[in-house]
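Read through the structure below, which is laid out as structure tokens, and then see the notes.
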Amino acid sequence: ELYRFAEDSILTSRIREIDLIDYSVVERMLEEHRSGRRERAFLLWNLFNLSRWYDYWVAGRREG
């Protein structure tokens, strides 16, 4: 359940609007981590925190 929340937070973040991150790479990282092919926990944790921070403090998305 936490993984789905983190994945959704990363993929639906308003940070996408500023085209800062290549989300095709993010989606590949998520798939590699989910399948167990590569350990991506540290990178995904950082992306999750950046996404949540941006949505809350910059985009003003304060729900959830």
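Calculate the spin-label point distance for Trp53 paired with Glu17, positioning each point 7 Å from the Cα along the beta-carbon direction, and give it in nanometres.
My value for the distance between the label points is 2.0 nm.
Taking the Cα centre as origin and putting +1 on Lys and Arg beta-carbons and -1 on Asp and Glu beta-carbons, what dipole magnitude results for the chain, to the nearest 20 debye?
Numbers: 11 positive and 12 negative charges, 23 e Å.
Once rounded to the nearest 20, the dipole reads 120 debye.
Using only Cα atoms and rounding to the nearest 10 degrees, what angle (0 to 90) does helix 23-35 make with the longest principal axis of the chain?
The answer is roughly 50 degrees.
Considering Cα pairs under 8 angstrom that are at least six residues apart, work out the relative contact order of the chain and quote it in whole percent. Before the final figure, lay out the partial values.
On the way: 36 pairs, mean separation 26.6, N = 64.
Worked out over the chain, it gives 41 percent.
Restrict the search to the chain; then list the chymotrypsin sites (Phe, Trp or Tyr not before Pro) that DSSP places in a loop and that have at most 12 other Cβ atoms within 10 Å of their Cβ. Mind dumping the intermediate values first?
Numbers: sites: Tyr3, Phe5, Tyr23, Phe42, Trp45, Phe48, Trp53, Tyr54, Tyr56, Trp57; in loops: none.
For chymotrypsin sites (Phe, Trp or Tyr not before Pro) across the chain that sit outside H, G, I, E and B with at most 12 neighbouring Cβ atoms in 10 Å, the list is empty.
Here, each number is a calculation from the coordinates, and none is a lab measurement. From a predicted model like this one, the values you see are computed outputs, not experimental measurements. Cβ: placed from backbone, ideal geometry, glycine included. Neighbour counts: every protein chain shown.
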